[in-house]
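Below you will find the structure I want to go over with you.
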Amino acid sequence: MLVDSINRAFNAVLLERSFPLKQERIANGIIYKGKIDLGTKAIPFAISVTMEHGQGIAQLIFHPIAYCDSEKERLRWLHFVNEWNDAYGTGYYLCIAKNREVYMRYVLSVSEQTVDQIFQGIILGSNLVKHVAKEIEYQFGTQ
């Protein structure tokens, strides 16, 4: 199964980089879980590796980065998210979930030969989360 070969290859990258993540098997793939330490708080992240139409798909999500406190603030948050995505959208993009959680997401096609892209996505995402967390604190106060 392609997901198993991707998992083996990605685990080799994680071992080589001394970057352990928790793993959980799901119906059509695997989820890896970790946290990025921002000093004042830790932001959880998850990576799902699944099969879609015969190809491996990796989805990286950092959540929750913040919360849109109220419906009254939603328009302000939407403007912030739109401006941030326009300025920094490098594959990653910010979203506001129905529960008002602000999260960052990145989706890519992956094979056992390209699993290093997942690791690079963690590094890029971590740097972007640090940046956006500072912007959110500046714009909306401590989250």
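Could you list all residues from the range 54-70 that are assigned to a strand (DSSP E or B) and of a type in the set (Gly, Ala, Ser)?
Residues satisfying the conditions are GLY56, ALA58, ALA66.
I need every pair where a residue in the range 82-100 that is among the charged types (D, E, K, R) has its Cβ under 8 Å from the Cβ of a residue that is surrounded by 16 or more Cβ atoms within 10 Å (Cβ to Cβ), sequence separation at least 6 or different chains.
Final answer for the pair search is ARG100/TYR67; ARG100/CYS68.
Can you find a residue that is hydroxyl-bearing (Ser, Thr, Tyr), farther than 23 Å from ALA9 by Cβ and surrounded by 14 or more Cβ atoms within 10 Å (Cβ to Cβ) anywhere in the range 41-62? Walk me through how you get there before you give the answer.
Just the residues of the range 41-62 that are hydroxyl-bearing (Ser, Thr, Tyr), to begin with: 48, 50.
Next, from what is left, pick out any that are farther than 23 Å from ALA9 by Cβ: none.
No, there is no match, as no residue in the range 41-62 is hydroxyl-bearing (Ser, Thr, Tyr), farther than 23 Å from ALA9 by Cβ and surrounded by 14 or more Cβ atoms within 10 Å (Cβ to Cβ).
Evaluate the following for ILE136: is it in contact with a Lys or Arg (Cβ under 8 Å, 6 or more places away or on another chain) and either at pLDDT 90 or above or not hydroxyl-bearing (Ser, Thr, Tyr) (or both)?
Against the criterion (in contact with a Lys or Arg (Cβ under 8 Å, 6 or more places away or on another chain) and either at pLDDT 90 or above or not hydroxyl-bearing (Ser, Thr, Tyr) (or both)), ILE136 does not qualify.
Considering only residues that are farther than 15 Å from PHE119 by Cβ and either touching a residue at least 24 places away in the same chain (Cβ under 8 Å) or of a type in the set (Phe, Trp, Tyr) (or both), which ones fall in the range 17-29?
ILE26, ASN28, GLY29
Considering only residues that are at pLDDT below 90, of a type outside the set (A, V, I, L, M, F, W, C) and on the phi < 0 side of the Ramachandran plot, which ones fall in the range 43-55?
Hits for the range 43-55 are GLU52, GLN55.
Restricting the range 1-42 to residues that are polar (S, T, N, Q) and either assigned to a helix (DSSP H, G or I) or at pLDDT 90 or above (or both), which is nearest to the chain's Cα centre (by Cα)?
Initially, the range 1-42 is screened for residues polar (S, T, N, Q), giving 5, 7, 11, 18, 23, 28, 40.
Add one more test, that the residue is either assigned to a helix (DSSP H, G or I) or at pLDDT 90 or above (or both), and what stays is 5, 7, 11, 18, 23.
Numbers: SER5: 22, ASN7: 18, ASN11: 18, SER18: 19, GLN23: 15 Å.
Step by step, filter the range 1-42, then rank; the result is GLN23.
Then there is this: How many residues, within the range 85-135, are surrounded by 15 or more Cβ atoms within 10 Å (Cβ to Cβ), assigned to a helix (DSSP H, G or I) and hydrophobic (A, V, I, L, M, F, W, C)?
So the count comes out to 8.
Only one residue in SER70, SER48, SER111 is among the hydroxyl-bearing types (Ser, Thr, Tyr) and touching a residue at least 60 places away in the same chain (Cβ under 8 Å). Which one?
Answer to the check: SER111.
Take LYS98 and tell me if it is at pLDDT 90 or above, charged (D, E, K, R) and closer than 30 Å to ILE136 by Cβ.
In short, yes.
The values are calculated or read from the model by the stated rules, or taken from the named source; none is laboratory data. Since this is a predicted model, take the numbers as computed values, not measurements. Glycine also receives a Cβ, built like all others from the backbone with ideal geometry; neighbour counts cover every protein chain displayed.
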